[in-house]
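The values are calculated or read from the model by the stated rules, or taken from the named source; none is laboratory data. Remember, it's a predicted structure, so these values are computed and weren't measured experimentally. Quick reminder, even Gly has a Cβ in these numbers, built from the backbone with ideal geometry, and neighbours come from all protein chains shown.
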């Protein structure tokens, strides 16, 4: 074989090898393009999904903004109603104070009526618990002028040479009134009027009405009971205790 033929054959072999490599490279590029195309398609689908979610997010934001606006309006209405409620409460509080003052005034007035009736009834004979008293005083006031500046006023007080009867008159007598009379009033009376500290003390509770348990507790403690029924004064002064 001639030399040039050999060289030509070598060139052809090189060209065939190059063509083979080119074809392989082209195939690889096509596969890469297909993969890229698939990736681009997936990316487009993802973008479409993101766009849809973005639209939904915007719609949600709009709904939230609308909800916040409604909430603000509701807060304004509630604030207005709260102010109105506070004003109503102030008006009611004033009305309650007025009613309380009226009730207190009525109770005080009725208490004075009861006190007047008890005083008039006892003034006739000045007898309580079978004991005769020489004097009877109404609204007896004492001021000890001591370190504690104590003072006291007693509705009805009857006295003789060795005994004192203290009677508290109430519109509505309560159990605590009986306890106060027994536990505090006698001790305080002796402090305010030391000249009577060695006297025998008898007690009575009077009222136009009595709450539950008052009469029973008064009898247990040896305290007399005065009741006002119409224009008649009923007196229960059996078995009085000396204090």
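Being closer than 19 Å to residue 112 by Cβ, in contact with a helix residue (DSSP H, G or I) (Cβ under 8 Å, 6 or more places away or on another chain) and in contact (Cβ under 8 Å) with a residue 40 or more places away in the chain is the requirement here; does residue 218 meet it? First the steps, then the outcome.
Details: closer than 19 Å to residue 112 by Cβ: no; in contact with a helix residue (DSSP H, G or I) (Cβ under 8 Å, 6 or more places away or on another chain): yes; in contact (Cβ under 8 Å) with a residue 40 or more places away in the chain: yes.
It is false that residue 218 is closer than 19 Å to residue 112 by Cβ, in contact with a helix residue (DSSP H, G or I) (Cβ under 8 Å, 6 or more places away or on another chain) and in contact (Cβ under 8 Å) with a residue 40 or more places away in the chain.
So how many residues does segment 210-243 have that are farther than 17 Å from residue 179 by Cα and assigned to a strand (DSSP E or B)? First the steps, then the outcome.
So in segment 210-243, the residues farther than 17 Å from residue 179 by Cα come out as 227-239.
Adding the requirement that they be assigned to a strand (DSSP E or B) leaves 227-229, 232-236.
Final tally of qualifying residues: 8.
Quick check: anything in segment 12-30 out of contact with any strand residue (DSSP E or B) (no Cβ under 6 Å at 6 or more places or on another chain), surrounded by fewer than 10 Cβ atoms within 10 Å (Cβ to Cβ) and part of a helix (DSSP H, G or I)?
No - not one qualifying residue is present in segment 12-30.
Among (1) over 40 Å from the mean Cα position of the chain (by Cα); (2) at pLDDT below 95; (3) loosely packed, with under 13 Cβ neighbours inside 10 Å, where does residue 132 come up short?
Failed condition: (2).
Give the number of residues within segment 184-233 that are farther than 22 Å from residue 140 by Cα and under 43 Å from the mean Cα position of the chain (by Cα). Lay out the reasoning, then the answer.
Restricting attention to segment 184-233, the residues satisfying the condition of being farther than 22 Å from residue 140 by Cα are 209-222, 229-232.
Going one step further and asking which of them are under 43 Å from the mean Cα position of the chain (by Cα), we end up with 209-222, 229-230.
So the answer is 16.
Yes/no matrix, rows are residues, columns are (1) touching a helix residue (DSSP H, G or I) at 6+ places or on another chain (Cβ under 6 Å); (2) at pLDDT below 95:
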{"position": "121", "(1), (2)": "no, yes"}
{"position": "124", "(1), (2)": "no, yes"}
{"position": "137", "(1), (2)": "no, no"}
{"position": "157", "(1), (2)": "no, no"}
{"position": "168", "(1), (2)": "yes, no"}
{"position": "172", "(1), (2)": "no, yes"}
{"position": "179", "(1), (2)": "no, no"}
{"position": "196", "(1), (2)": "no, no"}
{"position": "200", "(1), (2)": "no, no"}
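Given the criteria part of a helix (DSSP H, G or I) and at pLDDT 80 or above, does residue 84 qualify? Let's see the steps before the verdict.
On the way: part of a helix (DSSP H, G or I): yes; at pLDDT 80 or above: yes.
The answer is yes for residue 84.
Tell me, yes or no, whether segment 143-154 has at least one residue that is at pLDDT 95 or above, over 42 Å from the mean Cα position of the chain (by Cα) and crowded, with 18+ Cβ neighbours inside 10 Å. Break it down stepwise before answering.
Within segment 143-154, the first condition is being at pLDDT 95 or above, and the residues that meet it are 154.
Of the ones still in play, those that are also over 42 Å from the mean Cα position of the chain (by Cα) are none.
Within segment 143-154, none of the residues are at pLDDT 95 or above, over 42 Å from the mean Cα position of the chain (by Cα) and crowded, with 18+ Cβ neighbours inside 10 Å.
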